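The values are calculated or read from the model by the stated rules, or taken from the named source; none is laboratory data. These numbers were taken from a predicted model, which means no experiment stands behind them. Neighbour counts run over all protein chains shown; Cβ positions are idealised from the backbone, glycine included. The accessibility values were calculated without ligands, DNA or RNA, using every heavy atom of the protein model including side chains. Shrake-Rupley method; radii C 1.70, N 1.55, O 1.52, S 1.80 Å.
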Amino acid sequence: MREIRRRFHEELRALEGDVQRTGTQAKLLLERALQALARGDPAICDEVIRGDDEVDQLYLDVERRILDLFALQTPVASDLRLLTALLHINLHLERIADQAVNIAKITKSAASLPPNPTVLQHLEEMGAIALGMVETAMHALARRDLELARSLPEMDDPIDRLNRGMLQQVLAVSDDKQMLEWGIRMYVASRQIERIGDNAVDIAEQVAFLVTGQFREFTDASHPEIEHPELLEHGGSPN
């Protein structure tokens, strides 16, 4: 029995190491996608798109091994928390990689269109914050750092603010049809970056659950902030 438990905990450590590896690969894809966005470089976009296969394989392997441990072992409470947290974190990392690929695909589709420097600058600011959030969330996991995990929502605030302002910036260039087309695509990219920030916050929530044994959302999803209040002023709907 003691040998079985020893092997079980070795597998737990290996699983967490592989989740960190998935995080490293997801961060790399995001970093390269943001470089492609800043440069408008289709070659880097293709590199990001190809790189998603490795993250998908890591994700599937970790998920399979976690489910095997649930099925074959009887985890105690602390081990059960770790397995549950890793299962969720693994999923959020796979989503982050997918969102990086989406940014790359959007960038590639807009390569022939004229960019707007202000919009591009704000996207770069959002991307830099999102990249830092993913890194911070993974550090919080590695260190079991509750305070660091709880810092993620505040880090996310500037991303949300810049994302809310993106529509107005895009509409401001609507007289130039090609730049408007580029801007609409960049608005979609902005939403992808915003979702990456949300996934980083979700990872931090799992870290807090792992440390405290209680799951609590860091933000109140029952009272969502209206993303574009200016639409309501003109009789529109936020939905």
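Values as computed for the structure displayed
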{"item": "Pair Asp53, Lys177: separation of 7 Å Cα→Cβ label points (nm)", "result": "4.0 nm"}
{"item": "Positive-end residue of Val170, Leu123, Leu152, charge dipole of the chain with Cβ unit charges", "result": "Leu152"}
{"item": "Segment Arg6-Glu147, extension gain: residue separation times 0.36 nm, minus the distance between their alpha carbons", "result": "47.7 nm"}
{"item": "Cα-based radius of gyration of the chain once divided by 2.2 N^0.38 Å, which approximates compact folds", "result": "1.13"}
{"item": "Mean Cβ neighbour count within 10 Å, used as a protection proxy, ranking 108-119, 168-179 highest first", "result": "108-119, 168-179"}
{"item": "All-pairs alpha carbon distance profile, the stretch 120-220, 10 Å steps from 0, percent", "result": "17, 40, 24, 13, 5, 0"}
{"item": "The stretch 115-141 versus the stretch 53-69: alpha-carbon centroid distance in Å", "result": "27 Å"}
{"item": "Rg over Rh [alpha-carbon atoms, Kirkwood Rh] for the stretch 1-136", "result": "1.13"}
{"item": "Accessible surface of the chain [probe 1.4 Å, protein heavy atoms]: carbon and sulfur percent", "result": "52 percent"}
{"item": "Nitroxide proxy distance, nm - points 7 Å out along Cα→Cβ at Gln214 and Leu80", "result": "1.8 nm"}
{"item": "The stretch 19-99: mean projected area of Cα convex hull, nm²", "result": "5.1 nm²"}
{"item": "Student exercise, the chain dipole from Lys, Arg, Asp, Glu Cβ charges, in Debye to nearest 20", "result": "660 debye"}
{"item": "Length-normalised contact order for the chain - Cα pairs under 8 Å, 6+ apart - percent", "result": "24 percent"}
{"item": "Accessible area per residue in Å² at 1.4 Å probe, computed on the chain", "result": "51 Å²"}
